[in-house]
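The block underneath contains the structure these notes are about, expressed in structure tokens.
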Amino acid sequence: MKVTIDGISVEVPDGTSILNAARIIGGDVVPPAMCYYSKLAGSGGKCRTCLVKVSKGSEKDPRPMPKLVASCRTNVMDGMEVQNLTSPEVIEARKGVVEMLLINHPLDCPVCDQAGECHLQDLGFEHGAVKTRYEFDRRTFNKIDIGDKIQLHMTRCILCYRCVYTADQITDHRIHGILNRGDHSEISTYIQAAVDNDFSGNVIDVCPVGALTDKTFRFKNRVWFTKPVDAHRDCDHEKCNGKVTLWYKGEDVIRVTARKDVYGEVEEFICNTCRFDKKKTADWVIEGPRKISHHSVISSNHYETLKPLPVVKTNPVLQEANKTQFERETRL
Amino acid sequence: MGRKLLLEHINVPGINTFDVYRSKGGYASVEKALKKLTPDEVVEEVKKSGLRGRGGAGFPTGMKWGFLAKPEGVARYLVCNADESEPGTFKDRYLMTHIPHLLIEGMIVGSYALGAAVSYIYVRGEMMPQIRILEKAIAEAKVAGFLGKNILGTGYSLELYVQPGGGAYICGEETALLESLEGKRGNPRIKPPFPAIAGLYGCPTVVNNVESIAAVVPIINDGGEEYAKIGIGRSTGTKLISAGGNLVKPGVYEIDLGLPVEEFLYSDEYCGGIANGKRLKAVVAGGSSVPILPANLFMKTINGDARLMSYESLSDGGFVSGSMMGSGGFIAFDEDQCIVRNTWNFARFYHHESCGQCSPCREGTGWMEKVLHRLENGHGSMSDMDLLVDVSKKIEGNTICPLGDAAAWPVASAIRHFRDEFEWHVSHASEAVTRNYGLAHYADPLPKPEPKPEATA
Ligand SMILES: Cc1cc2nc3c(=O)[nH]c(=O)nc-3n(C[C@H](O)[C@H](O)[C@H](O)COP(=O)(O)O)c2cc1C
Ligand code: SF4
Ligand code: SF4
Ligand code: FES
């Protein structure tokens, strides 16, 4: 199957989603994804940040699709042509989605443990507007401790459902998912129950924002001051292979996470023993420093934005549509 | 006056019982379909009839039935959508309350046509009396041999179940309905796959509105071609309209599609005009999600033609100057009604009913409601109208299910047509909380369209 995204063509197997095709190309043509998680079946389609325009349906049926589609849940057809950054419509819609995601978000990044590795922060930075137009009180919830290791800060949640799928698919005994409806929806109860489970800590890793955080790491440090190191141990849990990233501050391991790729997805889920109980260097076989994309705040200590694609550079309409982003780039 | 196809016997005493219903010719279509027609022939009749879905979208029912996948050895389902919760719509409830056997009869014929051995009627959870009525009707039909094993000795067997709904508007969206019917949270599914391929329990499924299924009965009795003779153009047959608001005679009416709106509104046979001698200000023609129109644009299209109660005529002018047939929830507003307040009320409904899966709808509906609430209570600003339009645009088309669109359209259309009234709520904030803006010019004759209008879209 041949698909062309923002003018770049790639061959992919049948059944590949547009998002995954874009990830094969890599770089700026990859739409941001807040809810899709390749390791969780059924995820995606909810946050709508990955909307793209299909300007040509396929070789057989070249009609464009009438609406923007969620690239994470739309499969490619042979000859399909997709516009991501090259469609002003997409940029406008995405800006809208980012704004929606932020209107009820507390924006408490200065005290949030996720800051620096938060996808919403990145998303807001890359695709959002500088100021909000929302002038009402933001929705708040009380913090809930889910067992002694995980804290749920529902106020920060973007309802991506990733933790629900994790609880459903990775841990046993799912009790419940989301309570209530609309903007009163709330992640609830099942997580509290799932806490006895050996794999429950993974909900921390899948959460794109700071809604589910590691209590053993709470307020210990900013992530960009810590040093990630790949390590492994001979874990005796049958489903865990003990491959992790250790986050050092000086000589101390202050946090253990699964290894995450450039899209923030873990390579393999890890068990709670590895995550919460093994915080001494002596517990681990060190492999070496974790490679962190140089785009990341963790490695560069500041944000970097989009570079204009070749197609954008030559097209005044697209330049106009991408203007705010590029301006921010030059300001820095 | 048109012939009534669905409500013909509605006033016969005891028509809700099997015996009376049968004595009035009920269940004839089951006998005809099961004994004389093949399933494909039934589908063919429905195709010929031109029947369009009465649940809101107006998708041709015969075509929908034709799309149903038929893999070997996999069950197929017909599910009746009786979750009717759209504000302004109460036709399905009326039909189920008074003439439940019509729905059962349609379900049997439909299930036979689709090859379903088990079918469901998913009834809005709040409609407990209707649920009991339907269950009783099913029991009666079963005793009479029209349901259960080997119906009328034809070898066709069907079990029909009534399922009380989950108590949410969103459960009326067909895929949310299927989730709910499976016992899960009523979140709409991400399509594709469509229910025709993978619906209930992953099996091919057709979801149809109560009225669409009931309409199958006269179609089979009289033949599809006969049915298609009623109506106008691609709007064939009769349609139930639930008329409400400031009318002399609100209620459920069965009309021939193509009836002039003026006749529907003002004739004594139907709504009998605006109550208390007031004048008409605005109309929501098809349930709360369709665009609202000022009186003048409702009575006449932008080209000066009289508007008709048909799918095409109501949507004439697109979103700029038209509306939609929707579910047939007709709401009339007289000169004393406040459009801002009404728009807020609708927005409040959609905010409350959003399932919360996708961000634009979850957050955007709440945002619009808050801005409208502020406007209605005299704390708005002039920029709020543009903000509302922009937010509605950010929702529209960018969501998983059409609830996002349904929330966006009433707001966008109210501001499009009644912007001066919104602005008055800002400029005369204290006055706006004590009195209404009134009829203004909304019923004035439409200005003649430009000889060659540039933007008629
Ligand atoms: C939010 C939402 C609510 C809906 N509610 C109903 C409903 O209460 N009753 C109904 O028949 N269709 C409802 N629909 C339409 C259904 O999704 C579906 O189109 C319809 O049941 C198909 O039946 P039809 O082809 O016979 O019209 C709703 C759609 C949406 C998006
Ligand atoms: S808690 Fe985190 S992972 Fe779970 S739905 Fe909210 S944002 Fe997503
Ligand atoms: S549009 Fe609204 S109701 Fe529909 S799936 Fe999205 S959040 Fe739920
Ligand atoms: S990543 Fe595609 S909709 Fe969220």
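Bridging of A:K323 to lysines at a Cα separation below 29 Å is possible for A:K46, A:K53, A:K56, A:K67, A:K95, A:K131, A:K307, A:K313, B:K393, B:K394, once same-chain residues fewer than 8 apart are set aside.
For A:D6, B:D384, A:D236, what ranking results if the residue with the fewest other Cβ atoms within 10 Å of its Cβ goes first? Please list the in-between numbers first.
Numbers: A:D6 24, B:D384 21, A:D236 9.
Listed from fewest to most nearby Cβ atoms, that is A:D236, B:D384, A:D6.
Full extension of the segment from A:V285 to A:F141, taken as 0.36 nm per residue of separation minus the current Cα-Cα distance, would add 47.8 nm. Using equal-weight Cα scatterers in the Debye expression, the normalised intensity of the range A:91-231 in log10 at q = 0.17, 0.18 Å⁻¹ is -0.99, -1.10.
Taking each residue as 0.36 nm, the span from B:K229 to B:M63 lengthens on full extension beyond its C-alpha to C-alpha distance by 57.9 nm. Note that the range A:265-274 has calculated 3J(HN,Hα) couplings of 8, 6, 6, 9, 6, 10, 8, 5, 4, 4 Hz, one per residue in order, obtained from phi through the Karplus relation 6.51 cos²θ - 1.76 cosθ + 1.60 (θ = phi - 60°); glycine and proline are x. Karplus-based coupling profile of the range B:238-253, in residue order and whole Hz: 10, 9, 7, 10, 9, 9, x, x, 7, 10, 5, 10, x, x, 9, 10, with θ = phi - 60° in 6.51 cos²θ - 1.76 cosθ + 1.60 and x standing for Gly or Pro. Residue exposure proxy: A:L68, A:L107, ordered by other Cβ atoms within 10 angstrom of their Cβ from fewest to most, comes out as A:L107, A:L68.
Mean partner shielding of peptide A:92-105, defined as the number of other chain Cβ atoms within 10 Å of each residue Cβ, is 5. The protein assembly as shown has equivalent-ellipsoid semi-axes of 50, 33, 24 Å, by the square roots of 5 times the alpha carbon gyration tensor eigenvalues, sorted largest first. Residues B:I220, A:I187, A:I254, ranked from the fewest to the most other C-beta atoms within 10 Å, line up as A:I254, A:I187, B:I220. Placing R0 at 56 angstrom, the Cβ-Cβ distance between A:I8 and B:S23 gives a FRET efficiency of 0.20 after rounding to 0.05.
A simple rule links phi to the HN-Hα coupling: the Karplus curve 6.51 cos²θ - 1.76 cosθ + 1.60 with θ = phi - 60°, which for the range B:64-76 gives 4, 5, x, 6, 4, 5, 10, x, 4, x, 10, 5, 10 Hz, with x for Gly and Pro. Distances between placed amide hydrogens fall under 5 Å for A:V253 paired with A:T281, all partners being 5 or more residues away or on another chain. The range B:29-53 and the range A:231-273 have Cα centres separated by 62 Å. Take the Cβ atoms of B:E41 and A:Q319, set R0 to 60 Å, and the FRET efficiency comes out at 0.50. Residues with beta-carbon under 13 Å from that of A:K227, excluding A:K227: net charge, scoring Lys, Arg +1 and Asp, Glu -1? So the surrounding residues net to +2. Summarising the amide proton neighbourhood of B:R52: residues at separation of 5 or more, or on other chains, whose placed amide H is nearer than 5 Å comprise B:T61, B:T236. Using only Cα atoms, tell me the angle between helix B:359-376 and the longest principal axis of chain B; keep it within 0 to 90° and round to the nearest 10. So the inclination is approximately 50 degrees.
Helix A:88-103 and the longest principal axis of the C-alpha atoms of chain A enclose an angle of approximately 30°.
Taking amide H as placed 1.01 Å from N in the peptide plane, the amide H of A:I5 sits under 5 Å from that of A:V10, A:V82, each at least 5 places away or on another chain. Cross-link pairs exceeding 24 Å in C-alpha to C-alpha distance, out of A:K143/B:K184; A:K249/A:K278; B:K35/B:K70; A:K149/A:K278; B:K91/B:K136; B:K64/B:K239, comprise A:K143/B:K184.
Binning all Cα-Cα separations of chain B at 10 Å, short to long from zero, yields these whole-percent fractions: 4, 21, 30, 25, 14, 5, 1, 0.
Count, for each residue of A:57-69, the Cβ atoms from other chains sitting within 10 Å of its Cβ, then give me the mean as a whole number. Don't skip to the end; give the middle numbers.
Values: counts 0, 0, 0, 0, 0, 0, 0, 0, 0, 1, 5, 2, 1.
Mean partner shielding for this stretch: 1.
What shape does the range B:18-229 take by its C-alpha gyration tensor, where a ≥ b ≥ c are the square roots of the eigenvalues and a/c under 1.5 counts as rounded, a/b above b/c as prolate, and the rest as oblate? Display every interim value, and only then the final one.
Values: a/c = 1.38, a/b = 1.18, b/c = 1.17.
It comes out rounded by the Cα gyration axes.
Spacing of the modelled spin labels on B:H441 and B:N11, each 7 Å from Cα toward Cβ, amounts to 4.5 nm. A protection proxy built from the mean count of other Cβ atoms within 10 Å ranks the segments A:11-22, B:73-84, most packed first, as B:73-84, A:11-22.
Using a cut-off of 10 Å between beta-carbons, work out the net charge of the residues near A:A115 (Lys and Arg +1, Asp and Glu -1, A:A115 not included). Walk me through the numbers on the way to the answer.
Details: positive: A:R222; negative: A:D108, A:D113, A:E117.
Summing Lys/Arg as +1 and Asp/Glu as -1 gives -2.
With a cut-off of 14 Å between beta carbons, the residues surrounding A:D236 carry a summed charge of -2, where Lys and Arg count +1 and Asp and Glu -1.
First measure r as the distance between the Cβ atoms of B:E126 and A:E267, then evaluate 1/(1 + (r/R0)^6) with R0 = 60 Å and state the FRET efficiency to the nearest 0.05.
Working: r = 49 Å, r/R0 = 0.81.
With a Förster radius of 60 Å, E is 0.80.
Over the whole of A:127-134, what's the average partner chain Cβ count within 10 Å per residue? Rounded to a whole number, please. Can you show the working numbers first?
Details: counts 0, 0, 0, 0, 0, 0, 7, 7.
Averaged over the peptide's residues, the number is 2.
Angle check, please: helix B:339-353 long axis (alpha carbons) against the longest principal axis of chain B (alpha carbons), in degrees 0 to 90, nearest 10. It is inclined by approximately 40 degrees. Once the chain from B:K136 to B:R3 is taken as fully extended at 0.36 nm per residue, the excess over their C-alpha distance is 45.0 nm.
Label 7 Å along Cα→Cβ of B:T154; the range B:27-46 residues with amide nitrogen under 13 Å? Under 13 Å, as judged by backbone N against the label point of B:T154, lie B:27-43 of the range B:27-46. Relative contact order, whole percent, for the range A:223-301 stands at 34, derived from Cα pairs under 8 Å and 6 or more residues apart.
Normalised by 2.2 N^0.38 Å, where N counts its residues, the alpha-carbon radius of gyration of the range A:1-67 equals 1.12.
Each peptide in A:148-160, B:12-24 was scored by the mean count of other Cβ atoms within 10 Å over its residues; highest first, the order is A:148-160, B:12-24. Against the empirical curve 2.2 N^0.38 Å, the C-alpha radius of gyration of the range B:339-434 lands at a ratio of 1.02.
Every number in this text was worked out from the coordinates using simple rules, so none of it is lab data. Please read all numbers here as calculations on a predicted model, not as lab measurements. Heads up, the Cβs are rebuilt from the backbone with ideal geometry, glycines too, and the neighbour counts pull from every protein chain shown.
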